[in-house]
1. Look at residue 95 and say whether it is more than 25 Å from residue 362 (Cβ to Cβ) and modelled with pLDDT of 95 or more.
2. I'm trying to understand the selection: among the residues of segment 287-330, which are among the charged types (D, E, K, R) and farther than 25 Å from residue 271 by Cα?
3. Tell me, yes or no, whether segment 352-373 has at least one residue that is open to solvent by less than 60 Å² (accessible area, probe 1.4 Å), closer than 30 Å to residue 79 by Cα and part of a loop (DSSP other than H, G, I, E, B).
4. Scan 394, 369, 387, 338 and give me the residue that is over 30 Å from residue 289 (Cβ atoms) and touching a Lys or Arg at 6+ places or on another chain (Cβ under 7 Å).
5. If residue 135 satisfies every condition in (1) in contact with a helix residue (DSSP H, G or I) (Cβ under 9 Å, 6 or more places away or on another chain); (2) part of a helix (DSSP H, G or I); (3) free of Cβ contacts under 8 Å to residues at least 24 places away in the same chain; (4) not basic (Lys, Arg) but one, which is the exception?
6. Among the numbered criteria (1) over 18 Å from the mean Cα position of the chain (by Cα); (2) among the hydrophobic types (A, V, I, L, M, F, W, C); (3) modelled with pLDDT under 95, which one does residue 186 miss?
7. Across segment 100-139, which residue is least open to solvent (accessible area, probe 1.4 Å) among those that are over 14 Å from the mean Cα position of the chain (by Cα) and farther than 25 Å from residue 64 by Cβ?
8. On the given criteria, is residue 33 within 25 Å of residue 325 (Cβ to Cβ), modelled with pLDDT of 95 or more, open to solvent by 60 Å² or more (accessible area, probe 1.4 Å) and not β-branched (Val, Ile, Thr)?
Amino acid sequence: MTVESTAARTPRRSAGSKAGTTGTKRTTSTTKKAAGAGGSAEPALVQLLTPEGKRVKNAEFDPYVAGITAEELRGLYRDMVLTRRFDAEATSLQRQGELGLWASLLGQEAAQIGSGRALRDDDYVFPTYREHGVAWCRGVDPTNLLGMFRGVNNGGWDPNGNNFHLYTIVIGSQTLHATGYAMGVAKDGADSAVIAYFGDGASSQGDVAEAFTFSAVYNAPVVFFCQNNQWAISEPTEKQSRVPLYQRAQGFGFPGVRVDGNDVLANLAVTKWALERARAGEGPTLVEAFTYRMGAHTTSDDPTRYRGDEERLAWEAKDPILRLRRYLEASNHADEAFFAELETETEALGKRVREAVRAMPDPDHFAIFENAYADGHALVDEERAQFAAYQATFADADGGK
């Protein structure tokens, strides 16, 4: 089965790149959802590893993972397991009142780890607020992700230290930031690439459409990586688009491809391909990672109010971590000692996260008055004094402590 590329032109391979097909049709190993009310089935998607853990061949994208070793496969598995444990720990901490809010990535580990490990150190990442797995791949200490959700800082890490921008709460705006940065990269003559992460809900934002327009017109070296988890809070994708999201790239004149978001190998391969295009001067690519949010949108959300258990259970059977474990075991790439050692490591990570969050110092209560005006302002000074008097009442009530 084939799926037509949404690009009018054939992607040009850069020097030293791995071989692949060159036609405008991309041969894929595919899965399809059952036909919906309109009688149409979901389009084909790139898949290298089935939910049962079986490796399937793909002439277009196999070359991008052909040299992967057993050690690297175990590394991908470790990345996903530790990311999931961190995510679960953060959710638990929020329930205990240690965090104000948490946006879980449960179910989206393969999309994030696969794409994150496709990046080079000199590539630059613009995330939303759910890319905990990508942050892990970029070397950001997971405890640094929690400061903003605890309310003790506005980010917690130096974006230029890991080429990983601070989390963006405004939906979709980071796609424009990424496009502008990528245009700068191109003008500087660098061969690095930029990747912008966003969700299916953000795909409806005007900022995303503007980013598509500018990146296409200026041939910016940017990859738009959409994690389609099928629910923008309680809004299903079919209420936002009449066509699969990856096909939107066609209207802007650059390629779009849908990948099995729960297949870490497919995400690794497709993202490598898209980044290679960017570095070779071929412009932007839209990657739609078709996945599923197995938990709540955030800890303030109750997904049982808008979706049924049957849907969730069907996607749990496609669990990205279980999928890779089955492949590792069937291929004799990992033994019980590896899994046992990893379990010990996850427990240690959980303990470290709990201790780090509870040890975070309170923020400076008066920091909100800084940088409001460059030269100070009488009204701000008055408000600061009033706030200081208010804070003093707590010290008096506690015996001056």
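1. Values: more than 25 Å from residue 362 (Cβ to Cβ): no; modelled with pLDDT of 95 or more: yes.
In short, no.
2. Keep residues of segment 287-330 that are among the charged types (D, E, K, R), which gives 288, 293, 301-302, 305, 307, 309-312, 316, 318-319, 323, 325-326, 329.
Hits for segment 287-330 are 301, 302, 305, 307, 309, 310, 311, 312, 329.
3. yes
4. Details: 394 fails: touching a Lys or Arg at 6+ places or on another chain (Cβ under 7 Å); 387 fails: touching a Lys or Arg at 6+ places or on another chain (Cβ under 7 Å); 338 fails: over 30 Å from residue 289 (Cβ atoms).
Within the list 394, 369, 387, 338, the selection yields 369.
5. All conditions pass for residue 135, except number (3).
6. That leaves (3) as the condition not met.
7. Narrowing segment 100-139 to residues over 14 Å from the mean Cα position of the chain (by Cα): 100-102, 120-123, 139.
Checking which are farther than 25 Å from residue 64 by Cβ leaves us with 100-102.
Values: 100: 58, 101: 66, 102: 1 Å².
Here the residue is 102.
8. Working: within 25 Å of residue 325 (Cβ to Cβ): yes; modelled with pLDDT of 95 or more: no; open to solvent by 60 Å² or more (accessible area, probe 1.4 Å): yes; not β-branched (Val, Ile, Thr): yes.
Answer is no for this residue.
The values are calculated or read from the model by the stated rules, or taken from the named source; none is laboratory data. What you are looking at is a predicted structure, and each value in this text was computed from that prediction instead of being measured. Virtual Cβ from ideal backbone geometry, glycine too; neighbours counted across all protein chains shown. When the accessible area is computed, the model is the full protein with side chains, heavy atoms only, and any ligands, DNA or RNA have been set aside. Shrake-Rupley method; radii C 1.70, N 1.55, O 1.52, S 1.80 Å.
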